[in-house]
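Quick notes on the structure that follows.
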Amino acid sequence: MATRGKDEEELRRLSVEMRFLEQTAETLQQRLSMLNAAMTDLSYASMTLEGVEKEKVNSDFLVPIGGSSYVRMRLGSSDKVVMGIGAGVSMEKSLPEARVMMKERLDELEKSSVAAQQQFAQIAERINTGRNRLETLLSSVREEKAAGNV
């Protein structure tokens, strides 16, 4: 009978731990989605800068404005870029400086993504281990209850 009490207590503890781990995994998935979106955004910006760098002054081109819509623009100058540096602050940078900054940001995001993926993998492994233990405990408690009712 004492074993059954211990098993039931462990079941409760594991159940709470599983909920916590599942919430943590969900949070990490959301973080990974945000990191992927930011990396995609920076990749597009970097490709755009590459394209602008190759264009001549007064060249016409289409600028995406969102919603699959574009505005036809004429390139006045391609030597300066206005970049966000955080907290709603932007500053003018030379095109090569802007490309270097974007590369550094992309590298940082990739490192963060790898770390988040590793954390997610560890948590997923803990969840699987916990679920297996829960199943074992549930079977044990059911068997003990069935044996006690006989």
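Considering the conditions (1) under 26 Å from Met34 (Cα atoms); (2) in contact (Cβ under 8 Å) with a residue 12 or more places away in the chain, Val141 is excluded by exactly one of them, (1). Before we move on, is Arg105 farther than 23 Å from Ser33 by Cβ, open to solvent by 60 Å² or more (accessible area, probe 1.4 Å) and either under 19 Å from the mean Cα position of the chain (by Cα) or of a type outside the set (Gly, Ala, Ser) (or both)? So Arg105 fails the test. If you check Ala121, Ala146, Ala98, Ala115 for being assigned to a helix (DSSP H, G or I) and under 24 Å from Leu62 (Cβ atoms), only one passes: Ala98. For segment 1-49, a residue qualifies if it is of a type in the set (Ser, Thr, Tyr) and farther than 30 Å from Leu62 by Cβ, and the qualifying residues are Thr3, Ser15, Thr24, Thr27.
The values are calculated or read from the model by the stated rules, or taken from the named source; none is laboratory data. Please read all numbers here as calculations on a predicted model, not as lab measurements. Ideal geometry is used to build each Cβ from the backbone, glycine not excepted, and the neighbour counts take in all protein chains shown. What goes into the accessible areas is simple: the full protein's heavy atoms, side chains included, and nothing from ligands, DNA or RNA. Shrake-Rupley method; radii C 1.70, N 1.55, O 1.52, S 1.80 Å.
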